[in-house]
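Participant: The structure that follows is given in the form of structure tokens.
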Amino acid sequence: MKLGLENNEIRLEPYNPEWKDEFLRVKNDLLNNTDLQASRIEHIGSTAIEGMSAKPIIDIVAGVDDLESVDKEFFYRLSKVGFLRLRVERPGEIVLAKFSDDTYQIKTHFLHLVEYIGELWNNLIFFRDYLNTHEDARKEYLDIKQDFLKYSSSGIKEYTDSKEAFVREIYGKRDSH
């Protein structure tokens, strides 16, 4: 299993069951090096959806009580596991990445710090679970991703934007469940 994409590169790999094993390995590292509890570390994104083609990057969400109280010591512990904070500004989220080597060119994992059981946490978990239990939604999501890649293999912002309406539609179903 080869993980990782260069900055702005977009490539889908067929589903690989080893993605789950890699998530569990990293979860273990996080449990051994931070005070995060097991119930607050979840595998999210397309690598967590059975049978879904995905960018070969493992997405992990970690729930914290308060993003404002995440301190230098916590970031230091995350760095011992290989996660470095990115300069990505997203409301209600701190994003870290793990890289293939010390050139920092190829990202292999993302760690999304969000407030535990907050709206973003709930949306991310719901999206994963919904796609894992609804084949029609899985197929539609894959079609959207593949349609984008017919025209481009770069432009991560444009790629994310192309999926936004679908993702929001699924989030909207959370209220009706």
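Participant: Starting from the Cα of Asp102, move 7 Å in the Cα-to-Cβ direction to define the label point; list residues of the range 41-80 whose amide nitrogen is under 17 Å from there.
Facilitator: 79-80
Participant: Highest mean first, how do 49-60, 160-171 rank when packing is the count of other Cβ atoms within 10 Å averaged over residues?
Facilitator: 49-60, 160-171
Participant: Over 18 Å apart: what share of the alpha carbon pairs of the range 72-177 falls there, rounded to a whole percent?
Facilitator: 62 percent
Participant: Give me the percent relative contact order of the range 26-177, please, defined on Cα pairs under 8 angstrom at least 6 residues apart.
Facilitator: Taking the mean separation of contacting Cα pairs over the length of the range 26-177, I get 20 percent.
Participant: What spacing in nm lies between the two simple spin-label points modelled at Val70 and Glu50, each 7 Å away from Cα in the Cβ direction?
Facilitator: 3.1 nm
Participant: Additional query: Can you tell me the mean projection area, over all orientations, of the convex hull of the range 1-87's alpha carbons? Units nm², please.
Facilitator: 6.3 nm²
Participant: Right, next: With +1 on each Lys and Arg Cβ and -1 on each Asp and Glu Cβ, how big is the dipole of the chain about its Cα centre, in debye rounded to the nearest 20?
Facilitator: 360 debye
Participant: Summarise the accessible area of the chain (1.4 Å probe, protein heavy atoms) by the percent that is carbon and sulfur.
Facilitator: 47 percent
Participant: Suppose all protein chains stay in the model; what accessible area per residue would a 1.4 Å probe give for the chain, in Å²?
Facilitator: Per-residue accessible area for the chain comes out at 56 Å².
Participant: Would you mind telling me the antiparallel percentage of the DSSP bridges in the chain, rounded to 5?
Facilitator: Expressed as a percentage, antiparallel bridges in the chain total about 70.
Participant: Hey, what's the Cα Rg ratio for the chain versus the globular rule of thumb, 2.2 N^0.38 Å?
Facilitator: Its radius of gyration relative to the 2.2 N^0.38 Å reference: 1.00.
The values are calculated or read from the model by the stated rules, or taken from the named source; none is laboratory data. Because the structure is a prediction, the values reported are computed rather than measured. Here the Cβ is made from the backbone with ideal geometry for all residues, glycine too, and neighbour counts use every protein chain on show. Surface accessibility is based on the protein's heavy atoms, side chains included, excluding ligands, DNA and RNA. Shrake-Rupley method; radii C 1.70, N 1.55, O 1.52, S 1.80 Å.
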